[in-house]
1. Out of A72, A67, A93, A86, I need the residue that is assigned to a strand (DSSP E or B) and crowded, with 21+ Cβ neighbours inside 10 Å. Which one?
2. For residues that are in a strand (DSSP E or B) and under 30 Å from P81 (Cα atoms), tally how many sit in the range 1-46.
3. Which of the residues that make up the range 94-133 are polar (S, T, N, Q) and within 25 Å of Q73 (Cα to Cα)?
4. Please go through (1) in contact with a Ser or Thr (Cβ under 7 Å, 6 or more places away or on another chain); (2) crowded, with 16+ Cβ neighbours inside 10 Å for V102 and return the number of the only condition it doesn't satisfy.
5. Please pick out the residue among A14, A52 that is hydrophobic (A, V, I, L, M, F, W, C), at pLDDT 95 or above and surrounded by 13 or more Cβ atoms within 10 Å (Cβ to Cβ).
6. Does V38 satisfy the criteria of being over 15 Å from the mean Cα position of the chain (by Cα) and either surrounded by 15 or more Cβ atoms within 10 Å (Cβ to Cβ) or among the polar types (S, T, N, Q) (or both)?
7. For the range 55-65, check the following and say yes or no: at least one residue is over 19 Å from G18 (Cα atoms) and either in contact with a strand residue (DSSP E or B) (Cβ under 6 Å, 6 or more places away or on another chain) or in contact (Cβ under 8 Å) with a residue 12 or more places away in the chain (or both).
8. Inside the range 46-65, can you point out the residues that are closer than 11 Å to T3 by Cα, of a type in the set (F, W, Y) and out of contact with any Pro (no Cβ under 6 Å at 6 or more places or on another chain)?
Amino acid sequence: MPTANTTGEQVLEAVVAGPDEANRLFTVTGAASVGIFVQGGQQQTQTWTFLAGPTFTRGQFYRAIGAASVSAQNVNIQTAPGSFQANISSVEADWDDESGRVEVRVEVFLSASGGASANINQLRYWVTILAQI
């Protein structure tokens, strides 16, 4: 799995009354740099990973969820007809015991047909973390 570099991360922390003594809700947004390229007749599925949010101990972390979207793509149609398809197939977010942060895994599908080529350069992500601080 390739690892993405992140930029522009913003974290919002709120005090909540959650389950099992969880009392903080963190909302994390940012951008992840990726590199996926296909040309006519090709398709790829890649899973990119990156770390998001503050550092937690195992006892502090309760649960995380994530969402992602394609935010930078280029399409070049050399000869018509040509088409492309870009999908976020899945997003998973869970605590990483090595870093103490949330590891996000984003599966991206990209295909091109005919005289088209396409690449994805960046993903936007949203991660929500429930914790006990």
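1. Of A72, A67, A93, A86, the one residue that is assigned to a strand (DSSP E or B) and crowded, with 21+ Cβ neighbours inside 10 Å is A93.
2. Number of matching residues: 12.
3. Those that are polar (S, T, N, Q) and within 25 Å of Q73 (Cα to Cα): S111, S113, S117, N119, N121, Q122.
4. It is condition (1) that V102 fails.
5. Details: A14 fails: surrounded by 13 or more Cβ atoms within 10 Å (Cβ to Cβ).
Going through A14, A52 in turn, the sole match is A52.
6. Yes.
7. Scanning the range 55-65 turns up at least one residue that is over 19 Å from G18 (Cα atoms) and either in contact with a strand residue (DSSP E or B) (Cβ under 6 Å, 6 or more places away or on another chain) or in contact (Cβ under 8 Å) with a residue 12 or more places away in the chain (or both).
8. The one that is closer than 11 Å to T3 by Cα, of a type in the set (F, W, Y) and out of contact with any Pro (no Cβ under 6 Å at 6 or more places or on another chain): F50.
The values are calculated or read from the model by the stated rules, or taken from the named source; none is laboratory data. The structure displayed is predicted, hence computed values, not measured ones. Note that each Cβ is placed from the backbone with ideal geometry, even for glycine, and that neighbours are counted across all protein chains shown.
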